[in-house]
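Working notes, beginning with the structure itself.
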Amino acid sequence: MSKRNIKLMPFADLSAYMDGFEIVSTQWGADGKVYVLLINQVPERERDMFVQTHLNQTYTYKVLIVSEQHVEDVVIWGQTYNYHYVQPLNDHLLLVGARCTYYGNDQYDLNARVCDMNGKPIRDFLLGDGIQSVQVTKNGTIWTSYFDEGIFGNYGWIDPVGSCGLLAWDEQGNKLYENRVADIADCYAINVVNEGQVWFYYYTDFELGCISGGTVDSKVTFVKPSISGSSGFSTDGYHFLFDAGYGKHGTFVLKKMDKPGRLTKGQKIELVNEANKPLKQARQDFREQRLLLSEGNLLYQLTIEELISSLD
């Protein structure tokens, strides 16, 4: 498989907003803007291993809402939960912690918090332990995927919320959809294109599933991408840009669906920054046909359309 280098230039520099804060995550929103979650101090792990859920002191989070022309910041003070993801939820913000604990007797952490655009908490609800990814549609449907501990149980959960590997919820935290087709042991990646098209990629089969028709009249079809351990992918429905998988994270493979249910062998892609250095250590997020990379305080993006144009 031949390799092509593609140079990316940063579209945003977050340095002016970083004083006293560290980046937790960077994600696309359904509105095409980037949502960056910052915290004033990253909580230590328990026994240097386990991610804390409830924190023993208060922390300050900051959310940056980034477009190519503007950066808006929302400060959320006095928080005692360990959040890892942020998404727009209609006119509000949704913070989600990847881990939550079951204490027994129907007592458990509520690991989702909805805040207004002034940082004021509105409501909390449960989305389950072991969350791998969170993406919210324009209409407010919350999709969550789960890694192995959220599927098989840890943190006190005998009957995990995420045992099916992939769920959808309404903005109040009521379940709308659960996977009943794929045998998911670890949902490595999701790509929520819109209300009627949701892609997911999972272990152990390393298949690519597509949920069409919404959460009520859904239909699931599968494609074998011939990639093991990919951490994410973007797609326009015909082209698929994958993280290259086990041992190759940070490099990419572009494939096409040349026949229904079958992808081509693909083109290997390496992305470099403005200094021609590989962007292999950058944070990644995939949504629709867009790839987001963050390295240091700089944000980079690439659409499949731009990539195809560069390869021509």
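List the aspartates and glutamates whose alpha-carbon lies under 15 Å from that of Lys120, not counting same-chain residues fewer than 8 positions away?
Here the aspartates and glutamates satisfying the reach criterion relative to Lys120 are Asp73, Asp91.
Counting each pair of different Cα atoms once, what's the Kirkwood radius of region 191-312 in Å, rounded to one decimal?
Its Kirkwood hydrodynamic radius stands at 14.9 Å.
Label Gln197 and Ser228 with points 7 Å out from Cα along Cα→Cβ: what is the distance between them in nm?
Once both label points are built, they end up 3.1 nm from each other.
Can you give me the pair-distance distribution of region 55-105, C-alpha pairs, 10 Å bins, whole percents?
Per 10 Å bin, starting at 0, the Cα pair percentages come out as 20, 46, 25, 7, 2.
Work from the charge dipole of region 250-295 (Cβ charges, +1 for Lys and Arg, -1 for Asp and Glu, about the Cα centre) and give the residue of Val253, Gln289, Val272 farthest towards its positive end.
The residue sitting farthest along the positive end of the dipole is Val253.
Calculate, for His54 and Asp312, the FRET efficiency according to 1/(1 + (r/R0)^6) with r their C-beta to C-beta distance and R0 45 Å; round to the nearest 0.05.
0.30
Just the Cα atoms of the chain: what Rg and Dmax do they give in Å?
18.9, 61
Using only C-alpha positions, report the orientation-averaged shadow area of the convex hull of region 99-191, nm², one decimal.
Values: hull surface 25.5 nm².
Mean projected area for region 99-191: 6.4 nm², to one decimal.
Measuring from label point to label point, each 7 Å out along Cα→Cβ, what is the Thr221 to Tyr103 span in nm?
Inter-label distance under the simple model: 4.8 nm.
Run lengths n ≥ 4 of DSSP H only: what is the helix-derived mean residue ellipticity at 222 nm for the chain, with -39500 (n - 2.57) per run over all residues, to the nearest 500?
Computed ellipticity for the chain at 222 nm equals -1000 deg cm²/dmol.
Once the cut-off is 22 Å, how many percent of the Cα-Cα pairs in region 1-83 end up in the long-distance tail?
More than 22 Å apart: 40 percent of the Cα pairs in region 1-83.
Using the beta-carbon distance between Lys120 and Lys256 and R0 = 45 Å, what value does 1/(1 + (r/R0)^6) give for FRET efficiency, to the nearest 0.05?
Efficiency, from the Cβ-Cβ distance: 0.45.
Quick one: which of Lys33/Lys255; Lys175/Lys248; Lys175/Lys268; Lys7/Lys175; Lys224/Lys248; Lys219/Lys280 span more than 30 angstrom between C-alpha atoms?
The pairs that break the limit, which is 30 Å between Cα atoms, are Lys175/Lys248; Lys175/Lys268; Lys7/Lys175; Lys219/Lys280.
If Glu295, Glu305, Glu22 are ordered by their accessible area, calculated over protein heavy atoms with a 1.4 Å probe, which sequence runs from highest to lowest?
These residues rank, largest area first, as Glu305, Glu22, Glu295.
So for region 115-270, considering every pair of alpha-carbon atoms, how many percent are separated by more than 21 Å?
Taking all Cα-Cα pairs of region 115-270, the fraction more than 21 Å apart is 47 percent.
What FRET efficiency, computed as 1/(1 + (r/R0)^6) with R0 = 41 Å and r the Cβ-Cβ distance, is obtained for Ile6 and Val181, rounded to the nearest 0.05?
0.70
Solvent-accessible area of His249, probe 1.4 Å, all protein chains present, reported in Å² to the nearest ten, please.
90 Å²
Under a GNM of the chain (C-alpha, springs under 10 Å), which listed residue has the highest mean-square fluctuation: Val24, Val63, Val96?
Highest fluctuation among the options: Val24.
Can you tell me the mean projection area, over all orientations, of the convex hull of region 1-148's alpha carbons? Units nm², please.
Details: hull surface 48.1 nm².
For the Cα atoms of region 1-148, the hull's average projected area reads 12.0 nm².
The values are calculated or read from the model by the stated rules, or taken from the named source; none is laboratory data. Since we're looking at a predicted model, the values are computed, not measured. Ideal geometry is used to build each Cβ from the backbone, glycine not excepted, and the neighbour counts take in all protein chains shown. Keep in mind that these areas ignore ligands, DNA and RNA; they rest on the heavy atoms of the full protein, side chains included. Shrake-Rupley method; radii C 1.70, N 1.55, O 1.52, S 1.80 Å.
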